[in-house]
Amino acid sequence: METQPPQSSLLVEDIPVLAAQNEIAEEAVSMVAAPARSQYGADLFGDVTHLRARKSKKARLIAIYSAVGLVSFFFFLYFSFPINVVKEVAVSKVNEVFIQRRMPVRLSVASLKFKFPVGVSLDDIQLMNVTDSDATVKIGRIVASLNVLPIFAGKADASLRVTQSGGSLNVNVSDSLYSLFKLATAKNARLPSGQFAMTFTNFEIKSLVANALAYIKAEDNPNLKTIEPFLKTEIGGQITGLATVELPPVGDSFDKALANIDLKLAKVYLSFKDESIQIPQQDFSAARISLNLAKKSLEISSDTKFIANDIGVDVAGRINISDALSVNDVNLKLALTLKGKIEEQFKYLLPAVFGCDQSKMVDGKMDFELSGSFGALACR
């Protein structure tokens with residue numbers, strides 16, 4: 001009977017030399033079993049994709065945090081900005097300009113507020129005339145807005161809405177930032193450039209006309225003494241229509257200016273307040289202004305007319321305008337009709353005012369043409 005030798009309890013790992021050889025062998029087997037990973041392999045591609053996803057996620061988080069921060073700053077500025085201080089300073093500066101130029105008007109604004117996203121609204125605006133309390137212009141609200149996107153294209157695009165009781169005026173303005181910069185840096189006063197679109201809807205004109213007449217009277221010009229009674233005239237009514245104007249940039253010829261104006265006036269009346277003028281109030285049944293400007297030529301359409309109880313005026317023709325905005329050529333056809341008290345008082349005066357022969361006035365009617373310049377008009 002054979003006897004088996006007792007198993008030794010000594011393991012390979014207990015012998016350093018054999019353990020090292022065993023590890024080398026296992027590593028060799030592992031390298032044979034697992035092929036080498038190519039740099040273009042799927043595993044490496046997966047790692048790159050994961051890395052790109054992490055970077056994209058990080059970029060999105062940065063963008064979100066930046067947007068939140070910007071919005072938070074905007075709302076902080078919106079609620080903390082001293083808008084009332086700005087209003088008081090702005091109104092004060094405007095009134096200083098009026099005083100320096102000896103203009104008898106003063107501006108007051110009840111409140112000024114921001115309008116989202118970029119704009120302001122002004123409430124209860126009054127343009128008071130210090131020489132005539134009845135000539136105060138009252139506006140309920142003005143809302144001005146600036147469109148942001150056109151700024152990146154080098155343009156300024158703004159809208160303005162003026163609200164009165166029962167009427168409104170919408171104004172859209174578009175111009176290049178470069179042209180605005182030239183206008184702001186110009187040494188002499190110039191007309192603003194750009195495109196203007198004005199939409200009138202039942203817009204009251206009574207206070208505007210009264211303020212304009214009060215301003216003329218405040219100049220105390222001796223040449224106006226003869227017509228001073230007429231400066232106390234009250235004119236009221238509502239304008240409805242559209243006026244579009246395109247003015248060239250500063251420095252360009254006025255030849256590029258364009259305009260198209262078509263305004264209808266409703267509920268128009270004319271009342272002479274001076275006792276020396278014994279004429280009843282005139283209520284107009286038709287009142288319209290139709291003009292077109294192109295290549296320095298202002299064409300007055302035959303639709304332009306003013307028809308009231310005792311007076312009627314039809315106008316058509318052309319007026320040429322120079323670069324200096326002076327009138328150098330006039331060619332107008334007018335048809336004048338007078339009745340009642342107006343005919344009695346003005347049938348001899350009006351022909352003399354226009355430089356016409358009195359014989360042209362027949363039975364209260366006068367058809368005539370005016371040509372030349374405003375300083376030297378000839379009547380035919």
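Over the stretch 286-380, calculate the relative contact order: mean separation of alpha carbon pairs under 8 Å at least 6 apart, over the residue count, as a percent. This gives 21 percent for the stretch 286-380.
Going by average Cβ density within 10 Å per residue, which order do the peptides 319-326, 138-145 take, highest to lowest? Show your work: numbers first, answer last.
Details: 319-326: 12.9, 138-145: 16.5.
Descending packing order for the listed peptides: 138-145, 319-326.
A simple spin-label model places pseudo-atoms 7 Å from Cα toward Cβ; at Val85 and Met103 they are separated by 2.7 nm. Length available on full extension from Ser371 to Asn331: 0.36 nm per residue minus the Cα-Cα distance, which gives 13.9 nm.
Each listed q (0.10, 0.13, 0.18 Å⁻¹) maps to a log10 I(q)/I(0) for the stretch 78-216 from the Debye sum over equal C-alpha point scatterers, namely -0.41, -0.72, -1.36. A protection proxy built from the mean count of other Cβ atoms within 10 Å ranks the segments 87-100, 362-375, 335-348, most packed first, as 335-348, 362-375, 87-100. Note on Leu149 and Lys57: the model spin-label points, each 7 Å out from Cα along the C-beta direction, lie 3.4 nm apart.
Quick note: the coordinates plus some simple rules give every number you see, no bench work behind them. Everything quoted here is computed from the prediction, not taken from an experiment. Neighbour counts are summed over all protein chains in view; Cβ atoms, including those assigned to glycine, are modelled from backbone coordinates with ideal geometry.
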